[in-house]
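Read through the structure below, which is laid out as structure tokens, and then see the notes.
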Amino acid sequence: MIKDSLVQKYNVPVPRYTSFPAVPYWTGAPSQEMWFEHLKEGYDKSQGVELYIHVPFCEKLCYYCGCHRVISKNKNRGIEYVDFLLREWELYLEQMGDINISSIHLGGGTPNFLNEEAFSTLLDKLKESIDAKEFKGSIEIDPRTCSKSQLDLYKKLGFSRLSMGIQDFDPVVQEAIGRIQPFEKVKELVDYCREIGIDDINFDLIYGLPYQTLDTVEATIEKVISLKPLQIAFYSYAHLPSKIKNQKLIPEEALPEGALKRALYEHGKGLLENHSYKEIGLDHFAKSNSQLYQAKQKGKLRRNFMGHTHKSSPIIIGLGCSSISSSAKSFVQNEKNVKTYFESISKRRLAISTGHIHTQEDIVVEEILQNFFATNSVSKKDWQSLKNASHINSKICELEEDGLITNSDKIIVTDDGRPFMRNIASIFDHHLMRSKQNSGSRAL
């Protein structure tokens, strides 16, 4: 168990570092013209680009959800949306010419909101740019609404990895978070995935939800283990009702907090490790035959907006409202509002709303953090040239005194330090150091 003194000191808001800088510290987007120049400078046909497509629509509201989504049962909205996705893609093709797509990830929202007609229309156009030999498709699905015919289509079109939003199997918890999802329904889908040859399956779980106890988390994880997903994400619920209005529907008095909340994670982690799941990164576990675990063992695991990856292109192009794109020199994010996104694309302009142009210091720190999360260590020579090196050195002494790291020619995270990886990473964050307040969810 984690020492109470460490929890009290380090359980503070801190960025998740799926990007660097974290979104709250972005300083403004490049112009559309500059963005295309950054893409052209960084594009390597042999590596291609990763395509992220955001589908914002969900049929039902989940009370805990902090993602950008639009609640609707009208599937015609998906058909209209695909038309605008393809118009946006045409803008990229016009500027960059031939683009080789190495992977596509659909997130949301609920990507399987797109019916088979809409999904086929989307992929029929994109496949003109897909490298069939190297292509890897992944998609997030809602087990409550995904059909077997949709799974057949995903398999046919080369989508070999599925991520299922499970969260929790306890009926009381499900009622409290507005997501009724019977185990039997999930099992039926998982069994069918395996029957048609989709074996790379990820489950998303959440701890810290209302009415969770050690017993209910154990029961959920036992059911999860029986389904044998290749990877499991075990996220901490961040309760921010002042920013996320639907979270006001969550019964706050039933939320596990502090030591109990952390105990839920530790208990779940122990159960997963006892069944041969290996911790590969923040909140993520994988079987030893997973590509992500093997990348972790080689120190080559990478993190981006889409999660952990074993193979990463220097360019991610995001299509759709709220999607984030990245190049070696900048980030851009699209408008979050569907109507505003449509209006921009109709005018044949990218729907960029915000972003960030990297400084040289940003680029150095980004590489430090990627290596840190991949290897749980940082070589001292990597940060000594940074402007805030003296600040980093003083923080390292403090972390060492608290037993979170060892320090010689490089810092190495200890077992006690693993729950506080984000805190340790934050000492290299010059944006956070210069800010008047921390941003992000609590560390635990």
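A few remarks follow.
- Residues in segment 206-225 that are out of contact with any helix residue (DSSP H, G or I) (no Cβ under 7 Å at 6 or more places or on another chain) and touching a residue at least 24 places away in the same chain (Cβ under 8 Å) were compared, and the one that is farthest from residue 156 (Cα to Cα) is 213.
- Selection status of residue 317, closer than 30 Å to residue 86 by Cα, of a type in the set (A, V, I, L, M), assigned to a strand (DSSP E or B) and in contact with a helix residue (DSSP H, G or I) (Cβ under 9 Å, 6 or more places away or on another chain): yes
- Matching residues in segment 304-314 - criterion: being assigned to a loop (DSSP other than H, G, I, E, B) and in contact with a helix residue (DSSP H, G or I) (Cβ under 6 Å, 6 or more places away or on another chain): 310, 314
- Positions within segment 341-392 being in contact with an Asp or Glu (Cβ under 9 Å, 6 or more places away or on another chain), in a helix (DSSP H, G or I) and in contact (Cβ under 8 Å) with a residue 60 or more places away in the chain, in sequence order: 341, 342, 345, 365, 368, 369, 371
Residue-by-condition table, conditions (1) among the aromatic types (Phe, Trp, Tyr); (2) without any contact (Cβ under 8 Å) to a residue 12 or more places away in the chain; (3) surrounded by 18 or more Cβ atoms within 10 Å (Cβ to Cβ); (4) closer than 20 Å to residue 312 by Cβ:
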site: 53; (1), (2), (3), (4): no, no, yes, yes
site: 58; (1), (2), (3), (4): no, no, yes, no
site: 64; (1), (2), (3), (4): yes, no, yes, no
site: 85; (1), (2), (3), (4): no, no, yes, no
site: 97; (1), (2), (3), (4): no, yes, no, no
site: 108; (1), (2), (3), (4): no, no, yes, no
site: 143; (1), (2), (3), (4): no, no, yes, no
site: 148; (1), (2), (3), (4): no, no, no, no
site: 152; (1), (2), (3), (4): no, no, no, no
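- Residue check for residue 134: over 27 Å from residue 235 (Cβ atoms) and without any contact (Cβ under 8 Å) to a residue 12 or more places away in the chain: no
- Residue in segment 219-236 that is out of contact with any Pro (no Cβ under 6 Å at 6 or more places or on another chain), farther than 21 Å from residue 144 by Cα and of a type outside the set (D, E, K, R) present: yes
- For residue 151, the conditions (1) at pLDDT below 95; (2) under 24 Å from residue 224 (Cβ atoms) all hold with the exception of (1).
- In segment 226-270, the residues that are buried (at least 17 other Cβ atoms within 10 Å of the Cβ) and hydrophobic (A, V, I, L, M, F, W, C): 227, 230, 232, 233, 234, 238, 250, 255, 263, 264
- Within segment 418-436, considering residues that are at pLDDT 90 or above and within 16 Å of residue 406 (Cα to Cα), the one surrounded by the most Cβ atoms within 10 Å (Cβ to Cβ): 420
- Any hit, segment 159-174, residues being out of contact with any strand residue (DSSP E or B) (no Cβ under 9 Å at 6 or more places or on another chain) and small (Gly, Ala, Ser): no
- Entirely in segment 201-303, the helices (runs of 4 or more DSSP H) that have 1 or more residues that are farther than 22 Å from residue 183 by Cβ: 258-274, 291-297
- Scan segment 168-212 for residues that are surrounded by fewer than 20 Cβ atoms within 10 Å (Cβ to Cβ) and small (Gly, Ala, Ser) and the total you get is 2.
- Restricting segment 331-340 to residues that are among the charged types (D, E, K, R) and outside any helix (DSSP H, G or I), the residue that is surrounded by the fewest Cβ atoms within 10 Å (Cβ to Cβ) is 336.
- Any hit, segment 131-141, residues being charged (D, E, K, R) and in contact with a Leu (Cβ under 7 Å, 6 or more places away or on another chain): yes
- Single unsatisfied condition, residue 291 versus (1) surrounded by fewer than 16 Cβ atoms within 10 Å (Cβ to Cβ); (2) modelled with pLDDT under 95; (3) not aliphatic (A, V, I, L, M): (1)
- Segment 354-410 - residue that is touching a Phe, Trp or Tyr at 6+ places or on another chain (Cβ under 8 Å) and among the small types (Gly, Ala, Ser) and, of those, farthest from residue 3 (Cα to Cα): 355
The values are calculated or read from the model by the stated rules, or taken from the named source; none is laboratory data. Here the structure is a predicted model, which is why all the values come from computation and not from measurement. Reconstructed Cβ throughout: ideal geometry from the backbone, glycine too, with neighbour counts over all protein chains shown.
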